[in-house]
Structures are given as C-alpha cells and as structure tokens.
Amino acid sequence: MELFATAAKGTEGALRDELRELGFRRVRATRGGVGFPGDLHAAMRACLHSRIAVRVLWSVGHFAATDGQALYDGIRSFDWTPHLDPRSTLAVKASCRSSKLTHSQFIAQRTKDAIVDQLRDRQGTRPDVSRDDPDVLVVVRIAKDQVDVYLDVGGGSLHKRGWRTRIGTAPIKETLAAAILRLGGWDRERPLCDPMCGAGTIAIEAAAWAANLAPGLGRKELGVERWKSFDAGARQALAELREEARAARRRHRLPPVLAYDVDPKMVEATRANARAAGLHLEVEQADVRELTALEPPGFVIANPPYDERLPVSRELHRELGAMVRRLPGHTIALLTMGRDLERAIGRPPDKWWLVHNGPLECRLLRYDV
Ligand SMILES: C[S@@+](CC[C@H](N)C(=O)[O-])C[C@H]1O[C@@H](n2cnc3c(N)ncnc32)[C@H](O)[C@@H]1O
C-alpha cells in the first residue's frame, strides 16, 4: 500500500530525511510531500512520530480524469463501504495543478457526490457532510490530469499538537518550525536559542525533539479511529504505538533550550505554551541586541519579524547582521522574506532554502559562523 505524507513546500527533503530516520523505507520526496510504501500501522506510526508531516494520507487509488464525469466515475469505481457507513460523516479536500480540472471546489463536490451516491445505492441511505469534524476526510490531489485519492489518517493537519494555547502576531506552524530545526542542522546536543521566540513555536518544537516527545501524543484521536474499517486489532495496535512512544521519552541530559523575546506578552505566551507541552525551556524577556555567545557555542534559530505582517526596521536587520558576526562557532538559521536581511548580514549564507510559510514564500538562511 502507498502512503503519502504532505509537507510545506520546500520542506519535502527535510521530511524525507526525518521519515528515513524513523525507519521508513523507500521514501521518495516529490512536490508537496513524500511517498513511501506502508500499511495502516506504518501510517499511524508516521502520524504519531513525524514532526514535519502536515498530513499522512493512505492511498485509495489512482486514475486519469480530464472532466467531471470521468472524475465521478473514477471515484465511484472504488469501494467506499469498508470505510464509511450511512451514519458516518464525510468531508473532501481537493487540490489541482496543471490539469483540465481547475476548480478545487468542483472537484470536492463531484467526489462527494460519487461517494454518497454509491453508499445510497448499496445501503439505502447516504452519509452526511461535516466540513468541520468529519469521521472520514477524503483528500483528492490532481496533477497533470492524474487523480490521486486518499484518506487522511490523522484526520486533519498534524501541526495541531495540542499544546499551543497562546499565539502571537505572526506564528509559524509547528510542522514548519520542526523542518527549520532540521534544516538548521541542530544536533540536539548543543544549546539552542530562539531570541525572537514569539509564542515559542521553534523553541518548544526543539525541546520536544530533544526529549523525543512524540508530536502526535498530544492529539486526542487520529482520524483513522473513526473509520468503519478501524477494528479491534487496529485499536490495539494504535494503543501499543502510543505506549511505546510514551516510553521512549527522554527526561535526562537534555540540551539547554532558550527562548527570548522583547515583548513581555510573548514571554508569557511562550511560558504558558511550554507548560501546556510539559517541557522545560529557559524563557526570558530580552532584546536580540543583547544576545551573547551560548556556552558552549550552539545554534540560534529564529524567524525575525518580516514586513509582511509586522513592522520591520532596517536597524533590526543591521543588528541581526552584527549578531551573526559576533557569534563565532555558532550556527545561525533565520527565516526571512526577500533579500534585505541577507544584504544587512553582508555575506551569502552557507546554505539556504526556499520554504513556504502558508502562502508566503520565505528564505531560510543558514550561516555556519
Ligand atoms: C515573527 S515573530 C516570531 C513568531 C514565532 N516564531 C512564533 O511562531 O510564535 C517575531 C518576534 O520577534 C520579536 N522581536 C521583535 N524585535 C525584537 C528584538 N529587538 N528583540 C527580541 N525580540 C524581538 C517580536 O516581539 C515577535 O514576537
């Protein structure tokens, strides 16, 4: 069986490396995510342990379609009765690119029609649609007229870890923070500091990674638990996976994780979020201009304000340039938009990546100083 884990654009390589490290085999990064063979057990394990995957999708099937009728027929050709019964609720999430079918809402509608028509014909009644809290979330991805149909094993975006009670003005998703930590090269041994932490997303993801705290443990349930096909054997397997994940948590010899922000409200938000996650961070109010070398030298990973949503001053960019120069022996990774920060730092990064923060195309700059 084929699984597909989706990732923010630009982080597919990081997700591939993470899944390999978690023991998944034949993992291939492609646009928008990573494909790999695996059964439902593997899918549940990926949902519990991947920090970077946004969704873990279980393949129902694949066909070609260039119009609504072919789409409807293709969807109806699959047997939906193992997954849904007439009491189940359903939602469809669709996306398309470089195809004759161009409207994701139309694609979602035809897909839903085909599924409910099949169930009505076979079982006499049809399942209802629930956009916000469906029992079964069907995902349709169309690229170059090829239709891939999946069920969402997690049942929603996996960035929702369950600990974020407070957010700041421009938060990044937990899944993106995890990708940035991996691309930034953090070794989970040396100290890590986010000196502009906002609500603490990067620092809390770092502390969770260092503690080997499985990101899926905070979710109340996975989507798969509400599928008709989720039987006693699958329930037992998931309970065992959760138990193993709990037992694998590391509680000693953890590296220092520091989170600073100039705004006292953000300091309080980070403290509250860290408490909710059950993780220990050193959280202080401080200006990034005062940041001195970590002892021993470590990693500074942050997303400074960029002009899209927060006012950014040339002076702050200049200060960040000065920070890079005064921290020899450190690795510094900064998520930014445009080229201004790179210019202010005054040298090209040692590595950089284009990554998408929601709709925003950003650059992750890494300096091995
Ligand atoms: C884009 S937000 C960070 C968001 C964070 N990654 C999150 O997910 O919540 C940038 C943060 O930088 C902080 N900041 C701005 N200027 C600063 C300075 N001079 N020193 C420290 N923090 C600063 C802001 O208060 C804001 O919380």
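Indicate, rounded to the nearest 5 percent, the antiparallel portion of the DSSP beta bridges found entirely in the range 2-159.
Looking only at bridges with both residues in the range 2-159, the antiparallel portion is about 70 percent.
I want to check a number: in the chain, how many lysine pairs have alpha carbons closer than 20 Å, given a sequence separation of 8 or more or different chains?
Lysine pairs meeting the criterion: 18.
State the Cα centre-to-centre distance between the range 179-252 and the range 111-157 in whole Å.
So the separation of the two Cα centres works out to 28 Å.
In nm, to one decimal, how far is the residue 369 label point from the residue 347 one, both placed 7 Å along Cα→Cβ?
Each label point is offset 7 Å from its Cα along the Cβ direction, giving 1.0 nm.
Which of rounded, prolate or oblate describes the chain when judged by the alpha-carbon gyration tensor and an a/c cut-off of 1.5?
The shape class here is prolate.
Could you let me know the centre-to-centre spacing of the range 273-333 and the range 30-54, using Cα atoms, in angstrom?
If you average the Cα positions of each part, the centres end up 31 Å apart.
Only Cα pairs within less than 10 Å get springs; with that Gaussian network setup on the chain, which residue of 274, 344, 333 has the largest fluctuation?
With Cα springs under 10 Å in the chain, the top fluctuation among 274, 344, 333 is at 344.
Once you have the Cα-Cα distance between residue 81 and residue 268, take 0.36 nm times their residue separation minus that, and quote the gain in nm to one decimal.
Here the answer is 62.4 nm.
Cα gyration tensor of the range 304-369, axes a ≥ b ≥ c as square roots of the eigenvalues: rounded (a/c below 1.5), prolate (a/b > b/c) or oblate?
oblate
I'd like the FRET efficiency for residue 314 and residue 361, computed as 1/(1 + (r/R0)^6) with the beta carbon distance as r and R0 of 25 Å, rounded to 0.05.
Efficiency computed from Cβ-Cβ geometry: 0.70.
So, R0 is 25 Å and r is the distance between the beta-carbons of residue 247 and residue 21; what FRET efficiency does that work out to, to 0.05?
After rounding to 0.05, the efficiency reads 0.85.
Which GluC sites (Glu not before Pro) does the range 161-256 hold that lie in a coil by DSSP with at most 13 other beta carbons within 10 Å?
189, 221
Would you work out the charge dipole size for the range 222-369 about its Cα centre, treating the Cβ of every Lys and Arg as +1 and the Cβ of every Asp and Glu as -1, and quote it to the nearest 20 debye?
Roughly 320 debye for the range 222-369.
Rg and Dmax in Å for the range 59-149, alpha carbons only: what are they?
Here Rg and the maximum Cα pair distance are 12.3, 38 Å.
Cβ neighbours within 10 Å, averaged per peptide: list 176-186, 245-255, 350-360 in order, most packed at the top.
176-186, 350-360, 245-255
Could you check the spin-label model distance between residue 354 and residue 66? Points 7 Å from the Cα along Cα→Cβ, value in nm.
Those two pseudo-labels are separated by 3.0 nm.
List the trypsin sites (Lys or Arg not before Pro) within the range 194-231 that fall in a DSSP loop (any state other than H, G, I, E or B) and whose Cβ has at most 13 other Cβ atoms within 10 Å.
Loop-located and lightly packed - 220.
³J(HN,Hα) across the range 218-231 via Karplus (A = 6.51, B = -1.76, C = 1.60, θ = phi - 60°), whole Hz, x for Gly/Pro?
Residue by residue, the range 218-231 yields x, 7, 4, 8, 9, x, 4, 5, 9, 6, 4, 6, 7, 9 Hz.
Taking 41 Å as R0, compute the FRET efficiency from the Cβ-Cβ separation of residue 95 and residue 326 and round it to 0.05.
Efficiency at R0 = 41 Å is approximately 0.35.
Find how much the distance from residue 128 to residue 9 grows on full extension, using 0.36 nm per residue of separation minus their present alpha carbon separation; answer in nm with one decimal.
Working it through step by step, the gained length comes to 39.6 nm.
When the dipole is taken about the Cα centre of the chain, and only Lys, Arg (+1) and Asp, Glu (-1) are charged at their Cβ, what size is it in debye, to the nearest 20?
The dipole of the chain has a size of about 240 debye.
Can you give the extra length, in nm with one decimal, that the chain gains between residue 146 and residue 41 once fully stretched, where that is 0.36 nm per residue apart less the Cα-Cα distance?
Roughly 35.1 nm would be gained on extension.
Relative to the longest principal Cα axis of the chain, at what angle does helix 174-183 sit, 0 to 90 degrees, rounded to 10?
60 degrees
Round to the nearest 10 and give me the degree value, 0 to 90, for the angle of helix 314-325's Cα axis relative to the longest principal axis of the chain.
Between the helix axis and the principal axis of the chain, the angle is about 80 degrees.
Taking the Cα centre of the range 48-89 as origin, work out the dipole magnitude from +1 charges on Lys and Arg Cβ and -1 charges on Asp and Glu Cβ, in debye rounded to 20.
It works out to roughly 300 debye.
Looking only at the chain, where both bridge partners belong to it, what percent of the DSSP beta bridges are antiparallel (to the nearest 5)?
Around 60 percent antiparallel, to the nearest 5.
Bear in mind these aren't lab numbers, they're just calculated from the coordinates by the rules spelled out. Note that this is a predicted model, so its numbers are computed, not measured. Every residue, glycine as well, gets a Cβ built from its backbone with ideal geometry; the counts of neighbours run over all protein chains shown.
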